[in-house]
1. So V273 clears everything in (1) among the aliphatic types (A, V, I, L, M); (2) at pLDDT 80 or above; (3) part of a loop (DSSP other than H, G, I, E, B); (4) open to solvent by 70 Å² or more (accessible area, probe 1.4 Å) except one condition, right? Which one?
2. Please find, among I113, I68, I76, the residue that is within 15 Å of V190 (Cα to Cα) and aliphatic (A, V, I, L, M).
3. Of all residues in the range 133-144 being open to solvent by less than 50 Å² (accessible area, probe 1.4 Å) and at pLDDT below 90, which is farthest from R110 (Cα to Cα)?
4. I'm trying to understand the selection: among the residues of the range 226-268, which are β-branched (V, I, T), without any contact (Cβ under 8 Å) to a residue 60 or more places away in the chain, open to solvent by less than 60 Å² (accessible area, probe 1.4 Å) and out of contact with any Asp or Glu (no Cβ under 7 Å at 6 or more places or on another chain)?
5. Please state which one of D77, D62 is loosely packed, with under 10 Cβ neighbours inside 10 Å and modelled with pLDDT of 90 or more.
6. Only one of these conditions is not met by R278: (1) touching an Asp or Glu at 6+ places or on another chain (Cβ under 8 Å); (2) among the charged types (D, E, K, R); (3) surrounded by 15 or more Cβ atoms within 10 Å (Cβ to Cβ). Which number is it?
7. Tell me, please, whether a residue that is in contact (Cβ under 8 Å) with a residue 60 or more places away in the chain and farther than 17 Å from I76 by Cβ can be found in the range 174-185.
8. Where in the range 173-269 are there strands (runs of 3 or more DSSP E), lying fully within it, with 1 or more residues that are farther than 28 Å from L140 by Cα?
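The values are calculated or read from the model by the stated rules, or taken from the named source; none is laboratory data. Everything numeric in this text was worked out from a predicted model, so none of it was measured. Cβ placement follows ideal geometry from the backbone for every residue including glycine, while neighbour counts extend to all protein chains displayed. Ligands, DNA and RNA are excluded from the accessible area calculation, which covers all protein heavy atoms including side chains. Shrake-Rupley method; radii C 1.70, N 1.55, O 1.52, S 1.80 Å.
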Amino acid sequence: MLKYLDAVTVMNASVAAAQQYVQLVTDRDPDDGEHVVPGELRRFMSRLRLLHGVPFSYLVPDASLLPIESIRFFYIDRNWTDALVEGALSVGTITTADRTQLEAVYPTLRAEIDEAERTIRQPRGEALLKAGSGTITGFLLRSRAVSGWPNLHVRAYSRDVVKDDALTTEAESNPERMKVLRMERLAPAVLLVLFDGVPAVVHIEEPRQGIQFGVRIDPKGPGNQRKVRIRDKNTGNLVDVNGNPEPPEATFTNDNSVLVPFRKNAPGVLDVVELQKRLAAKAPPQAASLAPNEFALQMLRFPFRQVFGDPSDTEGKQFYNLDAFQASIALPDWQATVAAYVQKAQT
């Protein structure tokens, strides 16, 4: 288990990932064919349709409509957003001739704005979807999860085709997955998401970028108590002290977890040395101490997923712990993969 990625490889991979993220969030002006309406005006009107620039008080007139730790799903009234666009266009209609000309071109303008709505947010590497938008739905989420994980993953499906606890890499262009027209934090703890259509199931998941470490709260224990589930040091599987594998949702016991110690007179600050000793005493295979990489393996925390609208859910379960560790590639092969990725990103 004493194998490491060297610091140079890690640093180069981090720099390459940061450069690709910059490209991902860069606003682009797509060359999407010939249109009657100029592209800049077309995209400005599309952004209005997607509520860009609309004051938040127009969306949520009273704070009690969006309390702390809540989510609100909604439909967008097309008549309302069409009136918003018409109001913006009316600024340039001074004479009767101007209004007549606008009325003549408005059907074409509206069709081109419908098409442009799908180009405002285009994930890198996906085909440009040009079909006009239909019903637009969405949700407002007010939660500490938004501020704690700014890059939350949101996926919507027209049919329940993905298991609630399954990993997926289906692109937005997949017929069963709905396109996200807008996804933006309006405040540190408020997230707005708009979908192109009416989803049957929505997944909200913690981001998978990078590596996360942490401890967990025992739902049945005191509120100020934290625990760490034990993993096999060779496989990374969650186990009890007898080496038997356990599912992620198994309850905390004295056999499958250790109590997290905190520094004296410093609540909330982990006593890492003592925690390492407690994990070494229980984590199989038994050893006098944990190597740094073995300690990191014990502290790994994988994302959680919240599922809304699953029609086949008969148990009322909506919150899934995707706590699974599967080493599917040998370390030398992974090092070669990372090196090739870094070289490609730098060229």
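1. Failing condition for V273: (3).
2. Working: I113 fails: within 15 Å of V190 (Cα to Cα); I76 fails: within 15 Å of V190 (Cα to Cα).
Exactly one residue qualifies, and that residue is I68.
3. The initial filter retains those residues of the range 133-144 that are open to solvent by less than 50 Å² (accessible area, probe 1.4 Å), namely 133-134, 136-141, 143.
From what's left, at pLDDT below 90: 133-134.
Details: S133: 11, G134: 12 Å.
Going through the qualifying residues, I end up with G134.
4. Going residue by residue through the range 226-268, those that are β-branched (V, I, T) are 228, 230, 235, 239, 241, 251, 253, 258, 260.
This time we only want the ones that are without any contact (Cβ under 8 Å) to a residue 60 or more places away in the chain, so: 239, 241, 251, 253, 258, 260.
Still in the running and open to solvent by less than 60 Å² (accessible area, probe 1.4 Å): 239, 241, 253, 258, 260.
Answer for the range 226-268, where residues must be β-branched (V, I, T), without any contact (Cβ under 8 Å) to a residue 60 or more places away in the chain, open to solvent by less than 60 Å² (accessible area, probe 1.4 Å) and out of contact with any Asp or Glu (no Cβ under 7 Å at 6 or more places or on another chain): T253, V258, V260.
5. Numbers: D77 fails: loosely packed, with under 10 Cβ neighbours inside 10 Å.
Result: D62 is the single residue among D77, D62 that is loosely packed, with under 10 Cβ neighbours inside 10 Å and modelled with pLDDT of 90 or more.
6. So R278 meets the others, but not (1).
7. no
8. Working: elements: 180-187, 190-196, 201-205, 226-229, 257-259.
It comes to 226-229, 257-259.
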